[in-house]
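K.L.:
Structure provided below as structure tokens; questions to follow.
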Amino acid sequence: MDKSSSASSQAEKRLRLILDSNVGLCREDAIWALDYIRKKVADGAPVLQELPQPRLMKNYQSFAEAAMSLLLSPRSGPLEAERLRSRLREALHGLIPDRD
């Protein structure tokens, strides 16, 4: 396995943990996920270019909502953490493979 696929595998593993409702979600993990998305968009990830425009708009809306929720409420409880996780899940649509 080369460095790039190893890094990709590590990122996917971390993202899956961040999106797992059975694992606590901390602010740093949410920021890491948002930065991951930002980098993929900046790099012009091919998988994003394949998504239809309405889906891209949903990804962007969820990205913006997640970022704003972190800015507006630096401390949150379990309900807000699940809302943030849901926004991150939508924003990451297409960037991590679905697993059955």
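K.L.:
Run down D2, D35 and say which single residue is among the acidic types (D, E) and modelled with pLDDT of 95 or more. Reasoning before the result, please.
P.N.:
Values: D2 fails: modelled with pLDDT of 95 or more.
Exactly one residue qualifies, and that residue is D35.
K.L.:
So the check is Cβ under 7 Å with 6+ separation or different chains; which pairs have a first residue in region 35-49 that's in contact (Cβ under 8 Å) with a residue 40 or more places away in the chain and farther than 14 Å from L15 by Cβ and a second one that's β-branched (V, I, T) and not in a loop (DSSP other than H, G, I, E, B)?
P.N.:
Matching pairs, first to second residue: L48/V41.
K.L.:
Shifting gears a bit: Among L95, L79, L70, which is the only one that is assigned to a helix (DSSP H, G or I) and touching a helix residue (DSSP H, G or I) at 6+ places or on another chain (Cβ under 8 Å)?
P.N.:
Values: L95 fails: assigned to a helix (DSSP H, G or I); L79 fails: touching a helix residue (DSSP H, G or I) at 6+ places or on another chain (Cβ under 8 Å).
None of the other options fit; the residue is L70.
K.L.:
Among L56, L17, which is the only one that is within 16 Å of I96 (Cα to Cα), surrounded by 12 or more Cβ atoms within 10 Å (Cβ to Cβ) and under 12 Å from the mean Cα position of the chain (by Cα)? It would help to see each step written out before you state the result.
P.N.:
Details: L56 fails: under 12 Å from the mean Cα position of the chain (by Cα).
Selected residue: L17, the only one of L56, L17 that is within 16 Å of I96 (Cα to Cα), surrounded by 12 or more Cβ atoms within 10 Å (Cβ to Cβ) and under 12 Å from the mean Cα position of the chain (by Cα).
K.L.:
Look at R89 and say whether it is of a type outside the set (S, T, N, Q) and within 26 Å of A7 (Cβ to Cβ). So that I can check it myself, show each step before the final result.
P.N.:
On the way: of a type outside the set (S, T, N, Q): yes; within 26 Å of A7 (Cβ to Cβ): yes.
The answer is yes for R89.
K.L.:
Being part of a helix (DSSP H, G or I) and in contact with a Gly (Cβ under 7 Å, 6 or more places away or on another chain) is the filter here; which residues of region 25-54 pass it?
P.N.:
Initial filter on region 25-54 (part of a helix (DSSP H, G or I)): 27-42, 46-49, 53-54.
The answer is V47, L48.
K.L.:
So, one more: If N22 satisfies every condition in (1) out of contact with any His (no Cβ under 7 Å at 6 or more places or on another chain); (2) part of a helix (DSSP H, G or I) but one, which is the exception?
P.N.:
All conditions pass for N22, except number (2).
The values are calculated or read from the model by the stated rules, or taken from the named source; none is laboratory data. Please read all numbers here as calculations on a predicted model, not as lab measurements. Cβ sites come from the backbone with ideal geometry, for glycine too, and all protein chains shown count toward neighbours.
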